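Colleague: Quick one: the structure is below, questions incoming.
Laboratory data are not the source of any read-out in this text; all were calculated from the coordinates shown. For clarity, every value in this text was computed on a predicted model and none was experimentally measured. When we count neighbours, we look across all protein chains shown, and the Cβ atoms used for this are built from the backbone with ideal geometry, even at glycine.
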Amino acid sequence: MNQKNLELCKGLVKSNYVDQAIQGTSQFNKIIESLLIHRRLPEIGYSDKVIELILNEISMMDSNNFIENIGVGEREGRIYSSLVEKRHYGFSHGIGRSGDITEQQPKAAGSSLIQKLVHYLVLDAMRIAGLESQAASTCLLLPMATGMTLSLAMMTLKQKSQSNARYVIWPRIDQKSCLKSIVTAGLIPIVIENKLEGDMIRTDLDAIKSKIIELGPSNILCVFSTTSCFAPRAPDRIVEISQLCKEHNIGHIINNAYGLQCSKILHAISQSCKLGRVDAYIQSTDKNFMVPVGGAIISGPNKVFIEDIAKNYPGRANSSPILDVFITLLSMGKSGWSGLLKERKELLVYFQDQLGKLANEFNEKLLSTINENKISFAFSLKNFSSNKNEQQLESELNNNNNNNNDYSPSMLGSQLFSRSCSGARVIDLSKNKKAIVGGLEFNYYGSHIDGYPTSYLTVACAIGVTKSEIDKFIQRLSKLLKK
Ligand SMILES: *Cc1c(COP(=O)(O)O)cnc(C)c1O
């Protein structure tokens, strides 16, 4: 209620009671004021009730919610189902205008406000997580997942480049959407095979250098590097890559899909922006902020380029993924977000210890990748063979037939899955799994390299995982390994 209405209440309720109520409601107004002035995560996250009040208040600013609004256009934010309306808190107009996804929408001051605020909140969250300000000059939250957003970034880079460069130098990562994002952007991927260093799969910088010389820098649009990946692959050597890009005047796009949760990666991104060339780095909203799949964040040191990407987005966009992040960041607050980051770091050590012990017990090895890859682990499966087919093995397992040591690595993967462990991945290198992705053929697909010496299991210590989940996983894995 505004001041005038509150004063009118004094004609109905004792004025000292109303004065007290005014104090109460002014606390809520202070919260909104602070959000509008500081544009940062609140120290402590807000309760659901406060967040709903904020959302309801802001959604009243959109024309579809005006009490006297009459729409005579073709897009008036009408919502048929009240369930859908509730699900969106009455936000219906989406974001942007046809000319620019960050442009304010005249019919929707409220949605426009949320979009503006969310960008400030995400920037704040990125800085809290460890990115330096120079590296995160601005950011753009789009309602497309990582792969499509990577495509849009590369298409914009191509459009802005003066040359006809179409090659994209791509250190191999066996994740289909990475490669497809290049092909979908109408560009030509040039695969750089990785090299083995100890247990780790790492960027072959010399191969990148010679490829740049061979193709000629003017024909190369960019290097597309990847930070977050499954062990035993290490994050790409992005600092060196960005220096190469700067030296040869070629673009650099970093796929940082789930790297926002990892301070080591963020440090490398900050260094890359400082010492070399980075055009944009892109991360998923769901993998970093615990929201449903559907959004990605583009950021980079060069504000103009990020704005160019926003201008290239054709049409308006759905605002749900933006709203999800807005709600989540207000709910986490600074303490919740930093707490989650800290907890993940602590559990990383714990998870690693537990897996290491298990590996010893079964004469396997936790592959030494942890110095570089601080999210994912790989557990060797060298004592597994694959002479029997899955059906034979499944029936043996079900009959508790223990006298077989003829158990295939991929079997372990499906066994884990059927015992409600999701996300663990088995890379069975006893056979060469070929795959064609984006028109290119790969050997040993899934392992990021040809001829890794052992099969293995990978798991991730990702934001939000709990100690009890780790404990249960270790129990189930141990039980299966015993069998
Ligand atoms: C998840 C992921 C992607 C694809 O992300 P979408 O959000 O599904 O488009 C691409 N690259 C890497 C490394 C990923 O982890």
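Colleague: What does a probe at N56 reach in segment 12-49, counting residues whose amide N is under 12 Å from the point 7 Å along Cα→Cβ?
Modeller: 49
Colleague: Using a simple spin-label model with points 7 Å from Cα along the Cα→Cβ vector, what separation in nm is obtained for A109 and L196?
Modeller: Calculated label separation equals 6.5 nm.
Colleague: List the pair-distance distribution P(r) of the chain, using every Cα-Cα distance, as the percent of pairs falling in each 20 Å bin from 0 up to the bin containing the longest distance, rounded to whole percents.
Modeller: 21, 47, 26, 5, 0
Colleague: Taking a virtual spin label 7 Å from the Cα of I436 along the C-beta vector, which residues in segment 163-195 bring their backbone nitrogen under 16 Å of it?
Modeller: 180
Colleague: Something else: Listed here are the pairs K264/K365; K176/K342; K116/K246; K116/K334; which of them are more than 29 Å apart at the Cα?
Modeller: Numbers: K264/K365 24 Å; K176/K342 31 Å; K116/K246 32 Å; K116/K334 19 Å.
In this structure, K176/K342; K116/K246 exceed 29 Å between Cα atoms.
Colleague: If you average the C-alpha positions of segment 235-310 and of segment 410-481 separately, how far apart do those two centres end up, in angstrom?
Modeller: Segment 235-310 and segment 410-481 have Cα centres separated by 26 Å.
Colleague: While we're looking at this one, here's another question. What's the center-to-center distance, using Cα atoms, between segment 33-102 and segment 137-182 in Å?
Modeller: 30 Å
Colleague: Moving to a separate point now. As an exercise, use a Förster radius of 41 Å and the Cβ-Cβ distance of S422 and R127 to find the FRET efficiency, rounded to the nearest 0.05.
Modeller: Values: r = 32 Å, r/R0 = 0.78.
With R0 = 41 Å, the Cβ-Cβ based efficiency is 0.80.
Colleague: Which of the listed residues, N164, N56, S242, is farthest toward the dipole's positive end in the chain, when Lys, Arg count +1 and Asp, Glu count -1 at the beta-carbon?
Modeller: Of the options given, the answer is S242.
Colleague: Grab the beta carbon distance between D19 and N69, set R0 = 45 Å, and tell me the FRET efficiency rounded to 0.05.
Modeller: Details: r = 35 Å, r/R0 = 0.78.
It comes out at approximately 0.80.
Colleague: Per DSSP helix of 4 or more residues, -39500 (n - 2.57); summed, then divided by the residues of the chain. What does that give at 222 nm, rounded to the nearest 500?
Modeller: Details: 16 runs with 221 residues, N = 483.
One gets -14500 deg cm²/dmol as the mean residue ellipticity at 222 nm.
Colleague: Which order do peptides 347-360, 239-252 fall in by mean Cβ count within 10 Å, highest first? Numbers along the way, then the final one.
Modeller: On the way: 347-360: 16.3, 239-252: 20.2.
With the highest mean Cβ count within 10 Å placed first, the list reads 239-252, 347-360.
Colleague: Which of the pairs K303/K374; K158/K274; K10/K30 have their Cα atoms more than 26 Å apart in this structure? Please report the intermediate quantities before stating the final value.
Modeller: On the way: K303/K374 29 Å; K158/K274 23 Å; K10/K30 22 Å.
Result: K303/K374 exceed 26 Å.
Colleague: State, to one decimal in nm, how far the label point of S338 lies from the label point of S414, with both points 7 Å from Cα in the Cβ direction.
Modeller: 4.8 nm
Colleague: Could you work out the local net charge near T146, counting Lys and Arg as +1, Asp and Glu as -1, over the other residues with Cβ closer than 15 Å to its Cβ? Numbers along the way, then the final one.
Modeller: Details: positive: K176, K180, K287; negative: D286.
Local charge sum for T146: +2.
Colleague: Treating only the Cβ atoms of Lys and Arg (+1) and Asp and Glu (-1) as charged, compute the dipole magnitude of the chain about its Cα centre; round to the nearest 20 debye. List each step's numbers first, then the result.
Modeller: On the way: 55 positive and 46 negative charges, 27 e Å.
For this selection, approximately 120 debye.
Colleague: Can you sort Y167, Y120 from fewest to most other Cβ atoms within 10 Å of each residue's own Cβ?
Modeller: On the way: Y167 21, Y120 17.
Final ranking by Cβ density, sparse to dense: Y120, Y167.
Colleague: Taking R0 as 30 Å, what FRET efficiency do you get between I213 and N443 from their Cβ-Cβ distance, rounded to the nearest 0.05? Walk me through the numbers on the way to the answer.
Modeller: Values: r = 26 Å, r/R0 = 0.87.
Once rounded, the FRET efficiency stands at 0.70.
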